[in-house]
1. Beyond 19 Å between alpha-carbons counts as too far, so tell me which of 28/234; 131/200; 173/193 fall in that bin.
2. Convert each backbone phi in segment 58-71 into a coupling constant with the Karplus relation 6.51 cos²θ - 1.76 cosθ + 1.60 (shift: θ = phi - 60°), then list the ³J(HN,Hα) values in order as whole Hz, x for Gly and Pro.
3. With the Cα gyration tensor of segment 127-219 giving a ≥ b ≥ c as the square roots of its eigenvalues, does the rule (a/c under 1.5 for rounded; else a/b larger than b/c for prolate; else oblate) give rounded, prolate or oblate?
4. Quickly rank 54-65, 108-119, 202-213, 132-143 as a protection proxy: mean count of other C-beta atoms within 10 Å, highest first.
5. Could you rank the peptides 90-100, 147-157, 221-231 by their average count of other C-beta atoms within 10 Å per residue, with the highest value first?
6. Based on the Cβ-Cβ distance from residue 94 to residue 270, what FRET efficiency comes out when R0 is 45 Å, to the nearest 0.05?
7. Kindly write out, for segment 21-28 in residue order, the coupling ³J(HN,Hα) from the Karplus curve 6.51 cos²θ - 1.76 cosθ + 1.60 (θ = phi - 60°), rounded to whole Hz, with x marking Gly and Pro.
8. Amide H to amide H, which residues 5 or more places from residue 102 or on other chains are under 5 Å from it, using H placed in the peptide plane?
Amino acid sequence: MVMSLDNLRGFALATSSSAFIGSSFVIKKIGLKKAGDAGVRAGSGGYSYLYEPLWWIGMVTMILGEVANFAAYAFAPAILVTPLGALSIIFSAVLAHFILNERLHMFGVVGCALCVVGSVDIVLHAPKEKKIDSVSEIWQLATEPGFIVYSCLAVALALVLMFWVVHHTEQRKMLAYIAICSLFGSLTVISVKAVAIALKLSFNGVNQFVYVQTWFFIAVVIICCLVQLNYLNKALDSFNTAVVAPVYYVMFTILTIFANMIMYKDWDSQNATQIASEVCGFVTIVAGTFLLHKTRDMGNTQPNPDSLRADCELQNHS
C-alpha cells in the first residue's frame, strides 16, 4: 500500500521530532555538567543550569521536537506517530556514545531493543481515540469518575515519590525521578490535546478561549511541564543518558496509553487478541527496563590505569 501524502508528512515530522528530542538529552546533559562544575548540581537541588547557554539550546531543541511531534498528529494517526518516538532513544544513545562517552553494555542494547519492541507492540494494538470536536466534550470525559480517580492517584503517587521516596532511597532514585515525569506527563498529554482542539476550533472561527475549561487545561499543561522539566533535569544530571532516555520513553508511553484508555474508554472496542498483545508488550517492556536498570554502569566500566601499569611491569619482569 502506498503511503498517503498526509501520512508521509506525519512520518517526516515524527522522525524529525525524535531526532530533536534525542539530541536534546545529550545537549542538555552537557549543559548540566558545565553548570555543575560552576555551581550546585541539578541532582543536588541546584538551578545554576538556568544560566548555562548549552542547557537552553537543549531546551529549544526539545521544544522544537515536541512541536514537530504535535504537528505530526495533525497529519497521521497515532498508530503511526507514537511508535516513532522510540527513535529518540536511538538518537540519544548514539550521540551519548560518541559525545559523552556513555557506552551501553551489550545487555543494555538488548534491554533497549526489548523496550522498543514492547512499546511498539502496545501502541500497534492500542485502540484509536474517539474523535473530539470541542473542549466541552473533553471536559465531560475528564470529569467522569474513572479519570478523576486516575488523576488523583497519579498526583498522589507523584507526591509520595517527590517528598518521601526520593529522600529515603538512592538505589531507586532514577526510577523515582522518571516515574514523577511520566505520571505528570500522562496528564500533560490529555491537557495538551484539549488545548490543541481549542486552538484548532478557534482558528476555524469558534473561539474556545472564552471558556474557563480551556484555561484550566492550559494551567495543567504549564504546571505539569514545569514539574517534568525539573525532575528530568535531576535524572539526566545524575544518571547515564543512554539509560534515562529509554526508561523515560517506556514509562511515559505506558502511562499515557493507560490514561487515554481510562478517559476515552477505548477498552470497550477491544477483543481478547488485542488485550493479550498489549499484556505481552507490557511484559516485554518490564523485562527491557529491568535489564537496562541492572546493566546501566557496565558499559562504562574501564580498566584501572594503575592496574594496567602493574600488569605491564609484571610481564616485563617475567
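1. Details: 28/234 11 Å; 131/200 14 Å; 173/193 30 Å.
With Cα atoms farther than 19 Å apart: 173/193.
2. x, 5, 4, 4, 5, 4, 4, x, 5, 5, 5, 5, 4, 5
3. On the way: a/c = 2.78, a/b = 2.51, b/c = 1.11.
In terms of gyration-tensor shape, prolate.
4. Details: 54-65: 18.6, 108-119: 22.1, 202-213: 12.5, 132-143: 16.0.
So the order, starting with the most tightly packed, is 108-119, 54-65, 132-143, 202-213.
5. On the way: 90-100: 18.7, 147-157: 14.5, 221-231: 17.0.
In descending order of packing, they fall as 90-100, 221-231, 147-157.
6. Values: r = 36 Å, r/R0 = 0.80.
The formula returns an efficiency of 0.80 here.
7. Here the 3J(HN,Hα) series is 5, x, 5, 5, 4, 6, 4, 5 Hz.
8. Counting only residues 5 or more places away or on other chains, the set is 97.
The numbers here are math on the coordinates, done by the rules we state, and not lab data. Since the structure is predicted, the reported quantities are computational estimates derived from the model, not experimental observations. Heads up, the Cβs are rebuilt from the backbone with ideal geometry, glycines too, and the neighbour counts pull from every protein chain shown.
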